[in-house]
Amino acid sequence: MTVLNDCSGLWCVILAAGTSSRLGKPKQLIQYRGRPLLLHAVSAATSISPNRTIVVLGSHSLRLRALLARHLQNVSVIVNHQWGSGMASSLIVGLKALPSGARAALLMLSDQPRIDARSLGRLVKVWRAKPSVPVASYFSGTIGVPTILPKQYWADIKLLSGDTGARSLLKQSDINTKAVAMPEAALDIDTDEDLRRLKTL
C-alpha cells in the first residue's frame, strides 16, 4: 500500500509492553502467516507512517528489541519501565516520546493480527477529512484501537491509570469521536482460545 499523502504530522505508537500473563508466553512473538505478531503490527504502521513509528516495549524488551533490530530499522523503540502498572503507563510514555511537530497519534496494539495497512488506511482517510477529531475503529458494539488521537487530547491521557486505555476518553459524551467499522479489530490474542482462533485464519 502506498503512503497516504499529507500525513507528515501523523505518528504511529504501538503498545507492546505487556507480559501476556493469561497466555503464558510473549504474544508479540506468536507466529502468524510466518511472522511474529509484533512484526505484522509494525509493518502495517510503517506503511502508513514510514520513519514515524514508535514501539513501546516493557516485558521481554530485550528479545523484542532484538527482533525489531533484525528485521526493521525504520522504527524507534522505547522501554516503559513501569509496564507492570498497566496499559495507561505505556500510552503515556509513547505519547511523551513523540516530537513537537506531531499532530496526531495512531495508537495500535501488537496483538491484533487481522489489522493491516488497509485497515489503518481507512482510519487515516477519515482523520484527514477533519484532523482535529479523534477517529476510532468500531467492532463488537464498541469503539477501540486502532484509533487516531489528535494532539489536543494527549494531555487527557495523563489522567489515566492501570489498564485503562484511550477508549475511556474517546467514549466521553463531549468528544465527537468518529467511528470506522472495523470488524477485523475484534480479534486480539490474550488467551489460548484466541490462539486457537488465530490458527484457523
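Brief remarks follow.
- Residues (open to solvent by 10 Å² or more (accessible area, probe 1.4 Å), at pLDDT 95 or above and within 11 Å of Asp111 (Cα to Cα)) located in the stretch 9-23: Leu15
- Restricting the stretch 24-60 to residues that are of a type in the set (Gly, Ala, Ser) and without any contact (Cβ under 8 Å) to a residue 24 or more places away in the chain, the residue that is farthest from Gly121 (Cα to Cα): Gly24
- Taking the criterion of being surrounded by fewer than 18 Cβ atoms within 10 Å (Cβ to Cβ), closer than 22 Å to Gln82 by Cβ and among the hydrophobic types (A, V, I, L, M, F, W, C), the residues of the stretch 155-201 that qualify are Ala155, Leu159.
- Within the stretch 121-138, being in contact with a helix residue (DSSP H, G or I) (Cβ under 8 Å, 6 or more places away or on another chain), within 16 Å of Cys12 (Cβ to Cβ) and part of a loop (DSSP other than H, G, I, E, B) holds for one residue alone: Pro134.
- For the stretch 97-109, a residue qualifies if it is closer than 27 Å to Asp194 by Cα and either over 15 Å from the mean Cα position of the chain (by Cα) or open to solvent by 10 Å² or more (accessible area, probe 1.4 Å) (or both), and exactly one does: Leu109.
- For Gly94, the test of being open to solvent by less than 30 Å² (accessible area, probe 1.4 Å) and within 13 Å of the chain's Cα centre (by Cα) is passed.
- Residue count for the stretch 110-124 under the criterion of being among the acidic types (Asp, Glu) and either open to solvent by 10 Å² or more (accessible area, probe 1.4 Å) or in contact with a Cys (Cβ under 7 Å, 6 or more places away or on another chain) (or both): the result is 1.
- Looking at Ala185, Ala155, just one residue is at pLDDT 90 or above, hydrophobic (A, V, I, L, M, F, W, C) and either part of a loop (DSSP other than H, G, I, E, B) or under 15 Å from Gly141 (Cβ atoms) (or both), and that residue is Ala185.
- Residue identified as basic (Lys, Arg), assigned to a helix (DSSP H, G or I), in contact (Cβ under 8 Å) with a residue 60 or more places away in the chain and within 27 Å of Ser20 (Cβ to Cβ) among Arg114, Arg118: Arg118
The values are calculated or read from the model by the stated rules, or taken from the named source; none is laboratory data. The model shown is predicted, which means the values in this text are computed figures rather than measured ones. Using ideal geometry, Cβ is built from the backbone for each residue, glycine included, and neighbour counts are taken over all protein chains shown. Remember, those area values only see protein heavy atoms, side chains included, never the ligands or the DNA or RNA. Shrake-Rupley method; radii C 1.70, N 1.55, O 1.52, S 1.80 Å.
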